[in-house]
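Working notes for the structure below.
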Amino acid sequence: MLTLAGALAWVLLGSSLFDSRSVQVVGTRELSADVVRAAAAVRLGTPMARLDTRAIETRVAAVPRVASVQVRCSLDGTVRIEVTERTPVALVRRSNGVHLVDATGTDYAAMPVGPPGLPELRAARVGPRDATTVAALTVLTELPEWLRVQVRSITAKSPADVVLGLDKGRGSGTREVRWGGVEEGDRKGAVLGPLLTQPGKVYDVSSPDLPTIA
């Protein structure tokens, strides 16, 4: 038994039979596979049993565009890195350009011009630990599709004071929806639909039982 165990250990750790031979990256869209490989820093030739997959995942997860990552090792020597990239839901304008923000409030990329159709998030401190940011993005991501495609900006001064800036619609001016907090989102959406068919500039559904138009 000891001889068998020793032979098995040698095959796994000492021989080159189960060495890591290649790194495969899947799931990337905007990121290049080379960027992920560089972050992973897998030393080819290392026995698969000695690879610290959690350390590899931690290094890849540090890449700003990466939302999640999983590393799998195959007996053929392939280290497979499965990446899920962040999806932008809003943009933030800063002095150095436009920054993309995902549903968690994470600012993960900067570019000269933002993607078309992405609403602008306006808040004092944008970040995943900021309650106002979280409330604003929760409201945005939970909006019904028919309403979300009309949103051009989302402004939040506090978690209970979220305001949607909509496109022009039928009129010549912009429209503002005073949404309030994240509570009763479905009810607010249902009330707002008929309201938007009426002329106005400010639609207040923060209290959906007492909506107003101004």
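Just so you know, all these numbers are worked out from the coordinates, no wet-lab data involved. Fair warning: this is a prediction, and the values are worked out from it, not measured in the lab. Here the Cβ is made from the backbone with ideal geometry for all residues, glycine too, and neighbour counts use every protein chain on show.
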- Hey, what do the phi angles of region 156-164 turn into as Karplus ³J(HN,Hα) couplings, whole Hz, using 6.51/-1.76/1.60 and θ = phi - 60°, x for Gly and Pro? 9, 9, 7, x, 9, 10, 9, 10, 9
- With the chain treated as a Gaussian network of Cα nodes joined by springs under 10 Å, which of Leu166, Leu195, Leu121 yields the largest mean-square fluctuation? Leu195
- Item | Long-range amide H partners of Gly77 with built H, under 5 Å | none
- Note on the structure: Bounding extents of the chain in its principal axis frame from Cα atoms, largest first in Å, are 84, 39, 27
- Once you've got the GNM for the chain with C-alpha springs shorter than 10 Å, pick whichever of Asp102, Asp76, Asp130 has the biggest mean-square fluctuation. Asp76
- Return the distance in nm (one decimal) between the two label points of a simple spin-label model at Arg43 and Ala110, each offset 7 Å from Cα along Cα→Cβ. 3.5
- What residues qualify as long-range amide H neighbours of Val25, i.e. H under 5 Å apart, gap of 5 or more or another chain, H built at 1.01 Å from N? Ile81
- Where in region 147-166 is the amide nitrogen less than 18 Å from a point lying 7 Å along the Cα-to-Cβ axis of Ala214? 155-158, 160-166
- State log₁₀ I(q)/I(0) for region 20-101 at q = 0.20, 0.22, 0.24 Å⁻¹ as given by the Debye formula over alpha-carbon point scatterers of equal weight, solvent excluded. -0.84, -0.96, -1.10
- Note on the structure: Which of Glu184, Glu145, Glu82 fluctuates most in a GNM of the chain (C-alpha springs under 10 Å)? That residue is Glu145
- Task: Determine, from the Cβ-Cβ distance of Glu142 and Ser22 and an R0 of 35 Å, the FRET efficiency 1/(1 + (r/R0)^6), rounded to the nearest 0.05.
- Result: 0.25
- Message: Ratio of alpha-carbon Rg to the 2.2 N^0.38 Å globular estimate for region 117-211, to two decimals, please.
- Response: 1.00
- Item | Considering only region 88-213, percent of DSSP beta bridges that pair antiparallel, nearest 5 | 75
- Item | For region 116-122, Karplus couplings with θ = phi - 60° (6.51, -1.76, 1.60), whole Hz, Gly/Pro x | x, x, 7, x, 8, 8, 10
- Which ³J(HN,Hα) values in Hz, rounded to whole numbers, follow from the phi angles of region 35-47 under the Karplus curve 6.51 cos²θ - 1.76 cosθ + 1.60, where θ = phi - 60° and Gly and Pro get x? 5, 5, 4, 5, 5, 5, 6, 7, 8, 4, x, 6, x
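Take the Cβ-Cβ distance between Thr84 and Asp52 as r, set R0 to 30 Å, and report the resulting FRET efficiency rounded to the nearest 0.05.
Values: r = 21 Å, r/R0 = 0.70.
Computed FRET efficiency for Thr84 and Asp52: 0.90.
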- Task: Determine the distance separating the Cα centre of region 27-106 from the Cα centre of region 137-214; give it in Å without decimals.
- Result: 36
